[in-house]
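Below is one structure, written out as structure tokens; the observations come after it.
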Amino acid sequence: MKRFAAIAAGVALSAAAPAAQPDVKLWRLDCGHVTNADLDMFADSFALAGKRKDLVISCYLIRHGDDYMLWDAGFGAELAGRVQQGPPGITTSLKRTIVDQLREIGVKPEQVRHVGISHMHYDHVGQAASFPTATLLIGAEDLAILSSGPNNPLLEPQRFDPWIKGNAPKEAVVGDKDVYGDGSVVMLTLPGHTPGHHALLVRLKNKGPVLISGDLYHVAEQVPLRAVPRFNMDRVQTLSSQQRFGAIAETLKATVIIEHEQADVAKLPAFPEAAD
């Protein structure tokens, strides 16, 4: 009975005085721009044939208490201040580096403790090596492909040299990853676009849950169609991941942000302001 009473008292105490959760803030960073992208590549059903629009390359900074995490790393810093011509009518550009933007809010590269990568494609990893002391968090399957030295125009494994060739800390994420162990920042496994693809859930006190898509979707037009890009690595996994993502968004009443969708930029405060 004494043991039961002690256990009961401990449970009651923990219920009455839960641990204080650190403040969480979320910034949207400008990590590039694409003009006049051909949307046909984002639907293997031909549903977006003939449609074009500008795309944004978005990254995000999360502050959890005194800790900082970068989510995705955009185009390479060498593009900063330049406009690069692609196929006719299409350009890529980058106004400012991530480091330059973080300087504006008083954050130094060495203060970024984690670099989370939604997936291995070049437009999400370009400035990762600007944070060589951070712990890399990336899907295990994507890390294995990058480590094998692939010959693929969508991949730039050299962007991961601090972690693949050097001794920078890394974690090959399997399944979901609760980054801080309190449910406030969670990498959600959503394979299909790539084998190790993840989205990110950030729970904010005032704004509520925010779901950041990675490349599960690229543009808003895909969502009602459940369109699968032509270059996805697994169509069946993609459709399953879209179903899971939609169910989470509905259950949590989350703000959904598609990383490349220009219209979704306004769902967060304009930098240097943050959502909380």
Is it the case that some residue within segment 105-115 is touching a strand residue (DSSP E or B) at 6+ places or on another chain (Cβ under 8 Å), surrounded by 19 or more Cβ atoms within 10 Å (Cβ to Cβ) and either at pLDDT below 95 or closer than 22 Å to V56 by Cα (or both)? yes
Tell me, which residue of segment 152-180 that is crowded, with 19+ Cβ neighbours inside 10 Å and aromatic (F, W, Y) is farthest from the chain's Cα centre (by Cα)? W163
Please verify whether G181 is closer than 18 Å to G65 by Cβ, of a type in the set (G, A, S) and modelled with pLDDT of 95 or more, treating the condition exactly as stated. yes
Scan segment 185-210 for residues that are farther than 14 Å from Y60 by Cβ and among the small types (G, A, S) and jot them down. G192, G196, G208
In segment 240-273, how many residues are among the hydrophobic types (A, V, I, L, M, F, W, C) and closer than 19 Å to I57 by Cβ? 9
Please go through segment 243-273 and give me each residue that is of a type in the set (D, E, K, R) and surrounded by 13 or more Cβ atoms within 10 Å (Cβ to Cβ), ordered by number. R244, E259, E261, D264, K267
Does V228 qualify as being of a type in the set (A, V, I, L, M), more than 15 Å from the chain's Cα centre (by Cα) and closer than 21 Å to A47 by Cβ? yes
I'm trying to understand the selection: among the residues of segment 77-102, which are within 14 Å of L61 (Cβ to Cβ) and either crowded, with 19+ Cβ neighbours inside 10 Å or touching a Pro at 6+ places or on another chain (Cβ under 9 Å) (or both)? T97, I98, V99, Q101, L102
If D215 meets every condition in (1) within 17 Å of D123 (Cα to Cα); (2) of a type in the set (D, E); (3) not in a loop (DSSP other than H, G, I, E, B) apart from one, which number is that one? (3)
Can you tell which of I62, I57, I90 is more than 24 Å from T238 (Cβ to Cβ), β-branched (V, I, T) and in contact (Cβ under 8 Å) with a residue 60 or more places away in the chain? I62
Among the residues that make up segment 50-60, is at least one of them small (G, A, S) and either closer than 26 Å to G208 by Cβ or open to solvent by 10 Å² or more (accessible area, probe 1.4 Å) (or both)? yes
Restricting the search to segment 238-269, which residues are among the small types (G, A, S), touching a residue at least 12 places away in the same chain (Cβ under 8 Å) and within 20 Å of V24 (Cα to Cα)? A249, A254
Condition set farther than 18 Å from V115 by Cβ and of a type in the set (A, V, I, L, M), scope segment 203-219, selection surrounded by the fewest Cβ atoms within 10 Å (Cβ to Cβ): answer is L204
Given (1) part of a helix (DSSP H, G or I); (2) open to solvent by less than 30 Å² (accessible area, probe 1.4 Å), identify the lone condition not met by S240. (2)
Name the one entry in G183, G149 that is in contact with a strand residue (DSSP E or B) (Cβ under 7 Å, 6 or more places away or on another chain) and surrounded by fewer than 19 Cβ atoms within 10 Å (Cβ to Cβ). G183
Which residue, of L200, L225, is buried (at least 22 other Cβ atoms within 10 Å of the Cβ) and under 22 Å from T238 (Cα atoms)? L200
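The values are calculated or read from the model by the stated rules, or taken from the named source; none is laboratory data. Nothing here was measured: the structure is a model prediction, and the numbers come from that model. Glycine gets a Cβ as well: all are built from the backbone with ideal geometry, and neighbour counts include every protein chain shown. Heavy atoms of the whole protein, side chains included, go into the accessibility calculation; ligands, DNA and RNA do not. Shrake-Rupley method; radii C 1.70, N 1.55, O 1.52, S 1.80 Å.
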